[in-house]
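Below is one structure, written out as C-alpha cells, with a few remarks after it.
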C-alpha cells in the first residue's frame, strides 16, 4: 500500500476519483496506485503536480543493495521533502487545518509572533485544546516581546517596536490554553532562523530571509523518513530553543521596553 499517497490525498481533501479525473485515468488505476503499483512516468508527474508534492516522495526510486552508501543513515534524506511553497502565505488554509486536526501525538510551534496562525483560524485555541484533551502534547513557543531577539528582528524588518506589539497581540488568543492539561506556552529570546510547525511526522519549515517578514519567505513541507534526516535536525532545534524558553505568565509580565501595550 502506498501510505504516502493515501496521506497526501487526505491532507489535500481529494478523493481517488478526483485524482483520477485530474490525471485523466480510470479510477481503478488510481486504486492500483494506492495499492502499491507505480504509475507510468507521465502519470507520476501529473499526480505529483496536482498534489503539490515531490514525485520522489510519493514514489521513491529503489536503492540498489550494492550501491555505495546504501543503507547508511542520512542517505536519501531528500525524500523527506513533500512539497515547497514560494512563500508561507501561499500555503492553503485547509492544509493548516487538516494537519492540526489530524495530529495524534504532538503539535509544536516555534515563531516570533505567529499572528497569522490565529487570525486565519479564530478557533485555533479551541482546536488545540481539543487535541490536548485527546492526548496530543501541545507546545507553543513565541518570541519574548521584552527580549533583545525580537527587538533586533523588528529593526531588521524595518518595523521597529511593531513586532513586540504583534507578539503580545498574538498571545492573547492562547491565554485559555494555560489552564489546559497537555498545553504549554513559552517565550524565547533566541535568534530565530526558522519558524517551525510540527504535527506528528509532518513538519512545515519556514526559513527566514534577512529583512523580510516570515510570510514572504519560502516554506518546506517535510515528512519524517528516518532519524538522521532534515526532519530530526529541525525537530532537535525546536527542543533546544524550548529548553531555554521561559513559561509565559501573562499576569506577571511587565510593560514592554520595546513598544506600547
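The values are calculated or read from the model by the stated rules, or taken from the named source; none is laboratory data. The shown structure was predicted, so the numbers you read here are calculated from the model rather than taken from an experiment. Glycine also receives a Cβ, built like all others from the backbone with ideal geometry; neighbour counts cover every protein chain displayed.
Would you be able to say whether some residue in segment 61-73 is within 28 Å of the chain's Cα centre (by Cα), in a loop (DSSP other than H, G, I, E, B) and at pLDDT 85 or above? Checked segment 61-73: no residue is within 28 Å of the chain's Cα centre (by Cα), in a loop (DSSP other than H, G, I, E, B) and at pLDDT 85 or above. Summed over segment 193-206, the residues that are surrounded by fewer than 20 Cβ atoms within 10 Å (Cβ to Cβ) and closer than 14 Å to residue 153 by Cα give a count of 2. The single condition among (1) more than 25 Å from residue 180 (Cβ to Cβ); (2) modelled with pLDDT of 95 or more that residue 137 does not satisfy is (1). With respect to the conditions (1) touching a residue at least 60 places away in the same chain (Cβ under 8 Å); (2) in a loop (DSSP other than H, G, I, E, B), residue 181 falls short on a single one, namely (1).
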